[in-house]
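This report concerns only the one structure given below.
The values are calculated or read from the model by the stated rules, or taken from the named source; none is laboratory data. From a predicted model like this one, the values you see are computed outputs, not experimental measurements. Because the Cβ atoms are built from the backbone with ideal geometry, glycine has one as well, and the counts that use them run over all protein chains shown. The protein model used for the area step is the full one, side chains on, heavy atoms only, and it has no ligands, DNA or RNA in it. Shrake-Rupley method; radii C 1.70, N 1.55, O 1.52, S 1.80 Å.
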Amino acid sequence: MTYERASKDKKKQGKSVGDQHKLNIAEVTRHQWRHGESFSDNDVSASRHAKVKKRQGFEDLMDRIRSGTDDVLVVWEISRKERDLAVYVMIRDLCSEVGLNFWLVGGQLFDLRDRNDRMMLGFQAVQAEFQSDYIRDNVQRGVDGAAASGRPHGKLTYGYERIYHSRTKALVEQRADEEVHTATGADGTVTEYTKAGVVREIFEKVGDGTPLIRIEESLNERGIPAAQGGLWRRGIVRKIALNIAYIGKRSHHGEITDGIWEGLVSEDTYWSVRNMLENPDRTTWKPARARYLLSYMVKCGKCDGPLSVGNVNRHGWSGQVYSCLYKRCAAVKMQYLDEYVERIVVAWLARPETFENLHRVYDGSAAAQARGLAEQLKSELEEWRVEADLGHVTAVSFGRAEMSLLRRIAEAEAKAREAGIPPVLRGMIGPNAEADWAALGGDVARKREIIKEILEIKLLPAGKGTRKFNGDRVAKRWLLLDDNAQVPV
């Protein structure tokens, strides 16, 4: 039987694996052996440092060895089989156990029963592991060096282009890709765009509260190809909106450093968008499909369950009602609650205090440093968790470290949030707030994003004999300023 493997196959042609197979079969033919079966893994590393550990072809090979049906294992190089000394020992011992005593490696036949052959195979296995470690260390030094000097690393970030020296091929600069392209939409409309412009559009729309699915649909309708070609998907849009490279920075081992390239968006825009997308509350409702202003966003003041919308026809009245989804603890006519919440939100947006507090001058560098510190502390916490899982630190030590790190992360993130007005509120604050809100019309998704950004709402059950709705049934918590914001209603 034969085994072939290649670590990387960027063109997905399987050429290396195919060439190995031809050479291995030629050796089988030359020795006039009967070919049993071949196993292969393409584009899969055998290094102990590999992120993807599973090799299906290798697993099938091990099952075949266990069956004891073969006499010779044929590989072109021992590193094709493994680059991990422990794996080599495991295979060697298994082969000896089942009586598969012969390995043909690179045209040379080895007998596992012969101590000299075993020694030579062991040397090759040690060398294969050494080469793997050597390559990994060199790559890591390059990555660390690039991070320290602020150079970009890895694939080109969408929206940028890289300029290389014509002779040395060394990177000269990374800059915004402002080359104008044309795209033809499904309706035949021709659109001009730049990749840098697409990135700015994504940040602007996410910041304005546009759902990711609508951004995806808009780009696809205009025929603009996605970052890797083909159609846009929400995951691609989200990945771009979370990429710190777009403010001219890079993250390496949790540490944020300045890059040698200029950002495509401002820092306050990036961090506001990131805070918005990483808010865990976003997973509890789907703004792209939102039909109602407050469904699944307002919670029941008694059981903390979400409010859903239902149709009611009772006592001569028919209409839609918000009610507790789980136990029906609290309910209210949808019109009443919508009107009340819209009224207090607009009043809050129009307050002079809101304008002054959210437009305060802040230290941009200090805010950026706080964000970087939060990311670094999160990385440090993850390292502690790994060490605890491996049993390298005691539960008591981990508990103390976790408590301290979580507190410091919360403090850093709180400071980072003071970067100014969230993008979703821009253009909505000030004396024209009522007109600006009315201009949103039926854009329920945008209104929901605004409400969710500034206000947490719970509906309390009505008292006995109470039929009229009033604001006392709504428990409010203002999220951006103080909890005691006085809003005229």
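Here are the numbers for this structure:
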item: Around Tyr158: net Lys/Arg minus Asp/Glu count, Cβ-Cβ under 10 Å; result: +2
item: Net charge over other residues, Cβ less than 11 angstrom from the Cβ of Trp33 (K, R count +1; D, E count -1); result: -1
item: Net charge of neighbours whose Cβ lies under 9 Å from the Cβ of Pro461, counting Lys and Arg as +1 and Asp and Glu as -1; result: +2
item: Solvent-accessible ranking of His181, His392, His165, largest area first, probe 1.4 Å; result: His392, His165, His181
item: Long-range HN-HN contacts of Val74 with modeled amide H, under 5 Å; result: Thr2, Tyr3, Leu104
item: With DNA, RNA and ligands ignored, accessible area of Phe39 (1.4 Å probe; Å², nearest 10); result: 20 Å²
item: Distance from the stretch 97-135 to the stretch 158-208 (C-alpha centre basis), Å; result: 51 Å
item: Unsatisfied cross-links (Cα-Cα over 24 Å) in the set Lys378/Lys476; Lys205/Lys249; Lys302/Lys333; Lys22/Lys155; Lys155/Lys239; Lys327/Lys468; result: Lys378/Lys476; Lys22/Lys155
item: Rg(Cα) / (2.2 N^0.38 Å) computed for the stretch 196-264, rounded to two decimals; result: 1.18
